[in-house]
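Colleague: Supplied in structure tokens, the structure appears directly below.
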Amino acid sequence: MVAHTTWLRYIASKIDYSVSLSWKNYRRGQITDTEVFDTVWKNLFQGKLTFLHWNKGEEMAPTVGPCGGTLLVRKIPAADPTRVYVGDVVVLKDPTSTEKYLVRRLAAIEGYEMASTDEKDEPFVLEKDQCWVLADNENLKPKEAYDSRTFGPVSMTDIIGRVLYCLRTAVDHGPVNNSHFSARKDLPVLEVELDVDEMAKNHKA
């Protein structure tokens, strides 16, 4: 049973999500001034803060099994350094194919100086709204890992969510290791919305 304090934190998370999503839609011109308040309430009472995402490939092993995994992902309508943190496992748009999505770990954000192991490459600083993502599988070569070492920095706005939980098999599942800040923020969402049985039903392995 979920504690009252957890429910309060969960409701606060829903309010924050609803306001952020409504503000994002307003700035894009998708809603008018008079529609903002109604949209906030609509987003607050409809839907969840999470969605299920199927990920396959060796790039994120062992976090996500090489045979694939069903992921519980927290929606992030407007990613910035106050909402996602270095160390988080995120879902983002594929920089080379906007119809596809990648799961990678956030390794650096704006202001970080990036240096290569190749002395021929000059160090550079990530610009505003840029970030650097990496695969977890250290056994893969950079080109095989298909991360920022291949396609370079990506925009924070390409991040659509943070992975909270991974179901690799019916008996192998658990929370994903994210940053300390995110783990604390996501705990009430995980406690309220996690449904392992539902994840197992949607599992493709």
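Colleague: Would you tally the residues in segment 79-103 being open to solvent by less than 40 Å² (accessible area, probe 1.4 Å) and either more than 10 Å from the chain's Cα centre (by Cα) or over 25 Å from Val192 (Cα atoms) (or both)? Outline the logic, then answer.
Modeller: Restricting attention to segment 79-103, the residues satisfying the condition of being open to solvent by less than 40 Å² (accessible area, probe 1.4 Å) are 79, 84, 87-92, 94, 97, 102-103.
So of that shortlist, the ones also either more than 10 Å from the chain's Cα centre (by Cα) or over 25 Å from Val192 (Cα atoms) (or both) come out as 87, 94, 97, 102.
Within segment 79-103, residues that are open to solvent by less than 40 Å² (accessible area, probe 1.4 Å) and either more than 10 Å from the chain's Cα centre (by Cα) or over 25 Å from Val192 (Cα atoms) (or both) number 4.
Colleague: I've got another one for you. On the given criteria, is Thr39 surrounded by 16 or more Cβ atoms within 10 Å (Cβ to Cβ), modelled with pLDDT under 90, polar (S, T, N, Q) and on the phi < 0 side of the Ramachandran plot? Outline the logic, then answer.
Modeller: Numbers: surrounded by 16 or more Cβ atoms within 10 Å (Cβ to Cβ): yes; modelled with pLDDT under 90: yes; polar (S, T, N, Q): yes; on the phi < 0 side of the Ramachandran plot: yes.
Considered against the rule, which asks whether it is surrounded by 16 or more Cβ atoms within 10 Å (Cβ to Cβ), modelled with pLDDT under 90, polar (S, T, N, Q) and on the phi < 0 side of the Ramachandran plot, Thr39 comes out as yes.
Colleague: Check Lys143 against each of (1) surrounded by 13 or more Cβ atoms within 10 Å (Cβ to Cβ); (2) free of Cβ contacts under 8 Å to residues at least 12 places away in the same chain and name the one condition it does not meet.
Modeller: So the condition that Lys143 fails would be (1).
Colleague: What number of residues in segment 104-114 are touching a Pro at 6+ places or on another chain (Cβ under 9 Å) and either farther than 26 Å from Asn177 by Cβ or surrounded by 11 or more Cβ atoms within 10 Å (Cβ to Cβ) (or both)?
Modeller: Restricting attention to segment 104-114, the residues satisfying the condition of being touching a Pro at 6+ places or on another chain (Cβ under 9 Å) are 108-111, 113-114.
When the remaining residues are screened for being either farther than 26 Å from Asn177 by Cβ or surrounded by 11 or more Cβ atoms within 10 Å (Cβ to Cβ) (or both), the result is 108-111, 114.
Going through segment 104-114 one residue at a time, the tally reaches 5.
Colleague: For segment 173-205, which positions are touching a strand residue (DSSP E or B) at 6+ places or on another chain (Cβ under 9 Å), of a type in the set (Asp, Glu) and open to solvent by 20 Å² or more (accessible area, probe 1.4 Å)?
Modeller: Answer for segment 173-205, where residues must be touching a strand residue (DSSP E or B) at 6+ places or on another chain (Cβ under 9 Å), of a type in the set (Asp, Glu) and open to solvent by 20 Å² or more (accessible area, probe 1.4 Å): Asp195, Glu198.
Colleague: Going through Leu44, Leu52, Leu8 one at a time, which residue ends up being outside any strand (DSSP E or B) and open to solvent by 40 Å² or more (accessible area, probe 1.4 Å)?
Modeller: On the way: Leu44 fails: open to solvent by 40 Å² or more (accessible area, probe 1.4 Å); Leu52 fails: outside any strand (DSSP E or B).
It is Leu8.
Colleague: Right, here's the next one. Cβ contacts < 6 Å: first residue more than 27 Å from Phe37 (Cβ to Cβ), restricted to segment 1-19; second residue among the acidic types (Asp, Glu) and part of a helix (DSSP H, G or I), any location; separation 6+ or different chain. Result?
Modeller: From segment 1-19, the pairs are Val2/Glu191; Thr6/Glu191.
Colleague: As an exercise: evaluate Leu164 against (1) over 25 Å from Ser20 (Cβ atoms); (2) open to solvent by less than 50 Å² (accessible area, probe 1.4 Å); (3) modelled with pLDDT of 95 or more and give the number of the one condition it does not meet.
Modeller: (1)
The values are calculated or read from the model by the stated rules, or taken from the named source; none is laboratory data. The shown structure was predicted, so the numbers you read here are calculated from the model rather than taken from an experiment. Backbone-built Cβ (ideal geometry, glycine too); neighbour counts: all protein chains shown. For the accessible areas, the whole protein counts, side chains as well, though only heavy atoms, and no ligand, DNA or RNA atoms are used. Shrake-Rupley method; radii C 1.70, N 1.55, O 1.52, S 1.80 Å.
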